[in-house]
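What follows is a single structure, written as C-alpha cells, with notes after it.
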Amino acid sequence: MRFSVRVNNDLPADELFRLATTAQEHGFDQLWVSNDLLLRSAPALVGALAVRTSTLQLGIGVVNPYSVHPAELAMAAATLQELSGGRFLLGVGAGSAEFLSWAGIPRPEPLARTRSAVAALRALLGHRDVDAGDLPDWYKSQSRLRWDVDRPVPVYVGAMGPRMLRMAGEVADGALPLLYPPERFRTAVDAVQAGRTAATHAGGPPARSTCRRASGCRCPATAPRDATPWPRSWPTTARPSRRCCWPTPG
C-alpha cells in the first residue's frame, strides 16, 4: 500500500514547500498538485519541489490538452522528470468546461482529445507500446523530444465517467478517479478493467485481474495495469480527504 497527498494549486509556495517536506519526513510516497486554471502554475511549483525533496514522487493532477499543447506538456514533463531524478508523474484530463470558458477556451470532443493527447504524451515521453492509431494527426516523424528521457514518465488519466475510465484502462499508465466515494470503488475498477481487457484483446500488454486495497482506506483504488517496464500502479485521489490508497503491485 502506498499513500499520497493531493493539494490544490492555490497554496502559497512556502506553505506547499513545508507540506512537502513534512510529507516526505513522515513516509508519504507521493504528492500531487492540481493545476486548476488561473491559480498558481503546477509545473513551476513541482519544479521547485523537485529540488527540495529527494524521495517523494511528485505529480501534477491534472493538466488538459486544450490550454497547453501536448508537445509543450511533454517538454515540461520530461524536464520535471530530469529535475526530480525520475520521480515525476503526469496526470492528464479533459478539464472543466466551465473553468476553460473563463479563458475563452473551447473544449470539443473531450474523450477523443484526451485519448490522443495521452497517446502523444506517452510516445514523446519514452514509452514504446503506443498504438499509432491513437496518435493525433499532427504527430509526425519529427514529433520527438530533442533529448533522451532516461526513464519514461508515467501518464495517468483524470477520469470520473465510465467511458473516460475505460479509456484510461486502454491507453494510459494509470487512472485518477477524482472525488470518487469509497462505495464507488468497484464501479471504477470494473470500468478500468474493461478497458484493460479490450486493450489486451487488441494486442496490448497482458492485463492484471486483481486489485488489492487496504482495509480502512478512505478512498478507492483502481485496477493495476502491466508492471513492465515501469511500475504501473493505479492511484486514486480524493480531494476532500487529501489521502490516497494504492493497490499493491504484483
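The values are calculated or read from the model by the stated rules, or taken from the named source; none is laboratory data. As the structure is a prediction and not an experimental result, all values here were calculated from the model. Using ideal geometry, Cβ is built from the backbone for each residue, glycine included, and neighbour counts are taken over all protein chains shown. Each accessible area value is taken on the protein alone, full model and side chains, heavy atoms only, with ligands, DNA and RNA left out. Shrake-Rupley method; radii C 1.70, N 1.55, O 1.52, S 1.80 Å.
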Problem - Single unsatisfied condition, Val62 versus (1) surrounded by fewer than 24 Cβ atoms within 10 Å (Cβ to Cβ); (2) within 19 Å of Ala117 (Cβ to Cβ) - result: (1)
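Out of curiosity, is Arg163 under 17 Å from the mean Cα position of the chain (by Cα) and surrounded by fewer than 24 Cβ atoms within 10 Å (Cβ to Cβ)? Even if it seems obvious, please write down each step before you answer.
Working: under 17 Å from the mean Cα position of the chain (by Cα): yes; surrounded by fewer than 24 Cβ atoms within 10 Å (Cβ to Cβ): yes.
Against the criterion (under 17 Å from the mean Cα position of the chain (by Cα) and surrounded by fewer than 24 Cβ atoms within 10 Å (Cβ to Cβ)), Arg163 qualifies.
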Problem - Any hit, the stretch 142-152, residues being polar (S, T, N, Q), under 30 Å from Thr79 (Cα atoms), at pLDDT 95 or above and surrounded by fewer than 19 Cβ atoms within 10 Å (Cβ to Cβ) - result: yes
Practice task
Select from the stretch 85-115 the residues that are of a type outside the set (Gly, Ala, Ser) and part of a loop (DSSP other than H, G, I, E, B) and write down the one among them that is surrounded by the most Cβ atoms within 10 Å (Cβ to Cβ).
Solution key: Arg87
Exercise for the section: Hey, could you check the stretch 166-177 for residues that are part of a loop (DSSP other than H, G, I, E, B) and in contact with a strand residue (DSSP E or B) (Cβ under 6 Å, 6 or more places away or on another chain) and say which is surrounded by the most Cβ atoms within 10 Å (Cβ to Cβ)? Expected result: Ala172
Problem - In the stretch 57-112, the residues that are farther than 23 Å from Met160 by Cα and among the charged types (D, E, K, R) - result: Glu72, Glu82, Arg87
Problem - Answer residue from the stretch 179-206, given it is surrounded by fewer than 20 Cβ atoms within 10 Å (Cβ to Cβ) and outside any helix (DSSP H, G or I) and is modelled with the lowest pLDDT among those - result: Pro206
Problem - Failed criterion for Arg122 (all others in (1) open to solvent by 30 Å² or more (accessible area, probe 1.4 Å); (2) touching an Asp or Glu at 6+ places or on another chain (Cβ under 8 Å); (3) under 21 Å from Val46 (Cβ atoms); (4) not hydrophobic (A, V, I, L, M, F, W, C) hold) - result: (1)
Exercise for the section: Scan the stretch 10-41 residue by residue and report those that are outside any loop (DSSP other than H, G, I, E, B), of a type outside the set (A, V, I, L, M) and surrounded by 17 or more Cβ atoms within 10 Å (Cβ to Cβ). Expected result: Gln24, Gln30, Trp32
Exercise for the section: Take Ala50 and decide whether it is buried (at least 20 other Cβ atoms within 10 Å of the Cβ), over 15 Å from the mean Cα position of the chain (by Cα) and of a type in the set (Gly, Ala, Ser). Expected result: yes
